[in-house]
Amino acid sequence: MLPPLVARYSKPYVEKVIAGFLRAGKTKVLLVAASTIGLIAAIDWYVGTQASLGLFYVLPMMLAAAVLRPFETLMLACLCAYLRSLFDLPSPPLETLLRFAFAVVAYSVSGLIVTALIRNRQQAEEHFDRMHSEQELRHQVEQQLKVLVESSPAAILTLDRAGVVLACNRAANRLFLIPDGDSLQGKSIGAFIPLLADALRLDTGDGGLRTAAQCQGRRAGEIFLAHTWFSSYVTPQGPRLAAIVVDASEEMRDREEEGLRQLIRGNRIAAAAVSHEVRNLCSAISLVCSNLGQKHGIAQDEDFQGLVALADALQKIASSQLQGKVHDRLSEVVLREVLDDLRIVIEPDWREIGGTVFWDLPERLPVVLGERHGLLQAFLNLAQNSHRAVQECPVRQLRISVSVVERAANLRFLDSGPGIADPRRLFEPFQSGADGSGLGLYVSRAVIRSYGGDLRFEPDAAGTCFRVTLPIVEGEIPFEQPAGRDHQADHR
């Protein structure tokens, strides 16, 4: 056995020699093996019957087996055994045959052992290269995930079973206002988002928990609206939870402010409708009072004069309500986006009744003047009216089409309902027989007109049709309407 120091330094050298030998190529290796076999045979012939050099054929067999296939190795073993028998010591025929057979076996085994060693070495190298490649890929993926997590504007964190933060990104520290030099890692999430701490106490089994929720978050003495997406998983150390958290406070403020503006606008329109009706009633009361004063001579009666004064005052109040107007802040609205939002909202309702929605839209849609939320509400009101109208019809269809004429965009809502018997009072408020308050179409038309457009009823034999006209934003170039593609959402 070699000393440890010698074995330590000789092993790399031997591996380099073997690697260099294998890289020499099949032709060179076979030339060396053939030369060695010839040299051994020549020396064996020269020695004659004094000694046998058959043992030395193992060396060229081992060299050649490194590049030969097993069958070729067996053929070379037979050749070496035959050369050995030519110059072997004299012996009986049976012994000569046995020596030949044993020589073939010995040479073949030595060569096949080398073949197996070379194959194992190649497999080991391939396995090592594959592992190295996988490690490199894993390292790259880890680096990409790390960059993704660290550059994410959303807070990403993982929690242990006690709710303690195991890892977090920089966005998490910013979200919860963690001072510079400190980190959320190691702190309990219950002090910031109690919902996540409560989720860890749930018994979710092996499947884990995957959900999203809105909740209140806390940071530096203030609260905020948090949108959270989290999932739980099980590790040998116990349950874990991964969460993504974003601050939705600004979104909530914008939504609530927009809702307040729509509420004020709707109240103003409803108040105008009430004032319109009150003014009509006051005019009628004033006319009746005038007739009563002339016929019955009570014009000078104090109570009668008080009633006339009350009617006049109420009429003035109604007139002032009609004259007051708050100008809406209009903006450029991409009509395609509004119709996409409308499609998301109305198609589930038509799917439930087995209806069909056709979208007859051109390739390009213009930018109109208005307010996105108000337009969506007006379109939604028309679509819901059509939805109610076709409930009892055998064919339930709604076709929404868009065309451009000069500087205006025309949208038509045509349904397959029974139609409208008397359209003269269609846009009057507080209609008798209306499903609701009778203000839907009145408010929708008022909203559309506040944008400089209009909402009209168009008679159609196929059902009920409403046309919405909206002005195109100045600078938008009108275009010829191409053959519109008929997008159908069939839910039958």
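Provide the packing ranking of 226-233, 114-121, i.e. peptides ordered by the mean count of other C-beta atoms within 10 Å per residue, highest first.
In descending order of packing, they fall as 226-233, 114-121.
Short version: ³J(HN,Hα) in whole Hz for each residue of segment 356-366, in order, from phi by Karplus 6.51 cos²θ - 1.76 cosθ + 1.60 (θ = phi - 60°), x for Gly and Pro, what are they?
Listing the rounded values in order: 10, 10, 9, 10, 9, 10, x, 4, 10, 10, x Hz.
So, by mean Cβ neighbours within 10 angstrom, what's the order for 391-403, 122-134 with the highest one leading?
Output ranking for 391-403, 122-134: 391-403, 122-134.
What is the log10 of I(q)/I(0) for segment 155-247, computed with the Debye formula using one identical point scatterer on each Cα and no solvent, at q = 0.15, 0.19, 0.22 Å⁻¹?
Summing over Cα pairs of segment 155-247 leads to -0.51, -0.82, -1.09.
Relative contact order for segment 155-247 using alpha-carbon pairs under 8 Å, separation at least 6, rounded to a whole percent?
Once normalised by length, the contact order is 30 percent.
For segment 84-200, take the convex hull of the Cα atoms, compute a quarter of its surface area, and give me that in nm², please.
14.9 nm²
When only C-alpha pairs under 8 Å and at least 6 residues apart count, what is the relative contact order of segment 80-210, in percent?
13 percent
The numbers here are math on the coordinates, done by the rules we state, and not lab data. The structure displayed is predicted, hence computed values, not measured ones. Cβ coordinates were reconstructed from backbone atoms using ideal geometry, including for glycine residues, and neighbour counts include every protein chain displayed.
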